[in-house]
Amino acid sequence: MSYHTGPGLPPVTLDIGDVTLAKMSVGTMDNNVYLIANAAGDAVLVDAAAEPNRITELVGGRTLHAIITTHEHHDHVGALETVSQVFPEATIMATAATGQALPVALESELKDGKVLSFGDIELEFITLRGHTPEGVAIVIGGTHILTGDSLFPGGVGKTPSDQAFFLLLNDVRDRIFDRFDDSTVLHPGHGDSTTVGEQRPHLSEWEGRRW
């Protein structure tokens, strides 16, 4: 279930109901860029991290409705300004906290539990606090979640303190593990994908080690 790609490799694409999810690694930190698209040509880009030319090629001739940033760390926004200029019709979206640190102006604020349509693509948003003040995860079809750097195979994302760690652990437990079944696929901001079922048995281990 890894949907493996890596620096310099072509994107991998999977079907999720009526939409496709393309995952491509960019930059020196193996950042995952995601493109959610459908047969009608609607598309949403997640984390314009680096290599804007490759990102532009990934979007192709589709109608890019939005560019969503999961969190503000520099390795996730390196191509945001350039890509937003290539696709000026795309709405810049993030949480309010993330938007304050972006290199471009936030145009639409994402909140926990919000469901939005982009053409015929419907997405749900889950806020996750701790890795940064307020990141966002994106639910596709109720079965796949883009988790940014808040949740990886093997643990939650890096946090600056014990308080932030427990905030993040509680958020992923309450808003992901308690809501979604074991077959739900988790797609992180770096590296391979995993499932809720593969990670669920390790929650107490993460709590004990504090990362």
Close pairs (7 angstrom Cβ cut-off, 6 or more residues apart or separate chains): within 12 Å of Ile145 (Cβ to Cβ) in the range 178-192, among the hydrophobic types (A, V, I, L, M, F, W, C) and part of a loop (DSSP other than H, G, I, E, B) anywhere: Val185/Met1
All positions within the range 105-128 that are in contact with a helix residue (DSSP H, G or I) (Cβ under 6 Å, 6 or more places away or on another chain) and either surrounded by fewer than 20 Cβ atoms within 10 Å (Cβ to Cβ) or modelled with pLDDT under 95 (or both): Leu106, Glu109
For the range 79-99, which residues satisfy the criterion of being assigned to a strand (DSSP E or B) and more than 16 Å from Ala43 (Cα to Cα)? Ala94
Kindly evaluate Leu102 against the criterion of being in contact with a helix residue (DSSP H, G or I) (Cβ under 8 Å, 6 or more places away or on another chain), outside any helix (DSSP H, G or I) and over 28 Å from Phe180 (Cα atoms). yes
Only residues that are polar (S, T, N, Q) and assigned to a helix (DSSP H, G or I): list them for the range 34-78, please. Asn53, Thr56
Identify all residues within the range 149-164 that are assigned to a strand (DSSP E or B) and touching a Gly at 6+ places or on another chain (Cβ under 9 Å); write none if there are none. Leu151, Phe152, Val156
Qualifying residue in the range 137-159 (condition: under 25 Å from Ala50 (Cβ atoms) and among the aromatic types (Phe, Trp, Tyr)): yes
Return the total of residues in the range 1-33 being under 15 Å from Gly189 (Cβ atoms), touching an Asp or Glu at 6+ places or on another chain (Cβ under 9 Å) and assigned to a strand (DSSP E or B). 6
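Yes/no matrix, rows are residues, columns are (1) in a loop (DSSP other than H, G, I, E, B); (2) in contact with a Gly (Cβ under 9 Å, 6 or more places away or on another chain); (3) closer than 19 Å to Val115 by Cβ:
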| site | (1), (2), (3) |
| --- | --- |
| Val139 | no, no, yes |
| Thr147 | no, yes, yes |
| Phe166 | no, yes, no |
| Asp192 | yes, no, no |
| Gln199 | no, yes, no |
| His202 | no, yes, no |
| Glu205 | no, yes, no |
Only one of Leu64, Leu102, Leu14 that is buried (at least 20 other Cβ atoms within 10 Å of the Cβ) and either among the hydrophobic types (A, V, I, L, M, F, W, C) or within 20 Å of Ile145 (Cβ to Cβ) (or both): Leu64
Are any of the residues in the range 87-104 under 22 Å from Asn38 (Cβ atoms) and of a type in the set (Val, Ile, Thr)? yes
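The values are calculated or read from the model by the stated rules, or taken from the named source; none is laboratory data. What you see is a predicted model, and the numbers here were worked out from it, not measured in a lab. Please note: Cβ atoms are built from the backbone with ideal geometry, for glycine as well, and neighbour counts cover all protein chains shown.
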